[in-house]
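What follows is a short report on a single structure.
The values are calculated or read from the model by the stated rules, or taken from the named source; none is laboratory data. Keep in mind it's a predicted model, so treat the numbers as computed, not measured. Virtual Cβ from ideal backbone geometry, glycine too; neighbours counted across all protein chains shown. Note: accessible area is taken over every heavy atom of the protein model, side chains too, but ligands, DNA and RNA are not part of it. Shrake-Rupley method; radii C 1.70, N 1.55, O 1.52, S 1.80 Å.
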Amino acid sequence: MFDVIELPPVPTSVATARKWSGEVIERVGAGQLADTIALLVSELVSNAVLHAQTVCWLRIASVPGRVRVEVEDQSNELPG
């Protein structure tokens with residue numbers, strides 16, 4: 001099961017995503033990954049905000065030993 005947050009296409013969404021992802025990572029007991037996940041989330045959400053310029057969704061799922069991070073936007077353009 002995923003934790004999900006919807007983010008508007010504004011620069012402050014990057015900070016919101018970092019804060020939210022840190023809370024999720026701590027809650028699921030993967031705090032040792034917090035810095036790595038924060039960097040990953042910053043890059044993915046920044047790209048969605050800058051290039052797609054649409055609402056995006058950040059999803060984080062965890063099972064013992066694994067964390068999955070996804071960002072989905074509404075752009076029809078492939079990354080270039």
Of all the residues that make up the stretch 1-44, how many are among the aliphatic types (A, V, I, L, M), open to solvent by 70 Å² or more (accessible area, probe 1.4 Å) and not in a helix (DSSP H, G or I)? 2
What single numbered condition from (1) in a helix (DSSP H, G or I); (2) surrounded by 12 or more Cβ atoms within 10 Å (Cβ to Cβ) fails to hold for Ser62? (1)
Which residue pairs have Cβ atoms closer than 7 Å, lie 6 or more positions apart in sequence or on different chains, and pair a first residue in the stretch 24-53 that is free of Cβ contacts under 8 Å to residues at least 60 places away in the same chain with a second residue that is open to solvent by 100 Å² or more (accessible area, probe 1.4 Å) and not in a helix (DSSP H, G or I)? Val49/Pro11; Ala52/Gln74
As an exercise: evaluate Gly80 against (1) at pLDDT 95 or above; (2) open to solvent by 40 Å² or more (accessible area, probe 1.4 Å) and give the number of the one condition it does not meet. (1)
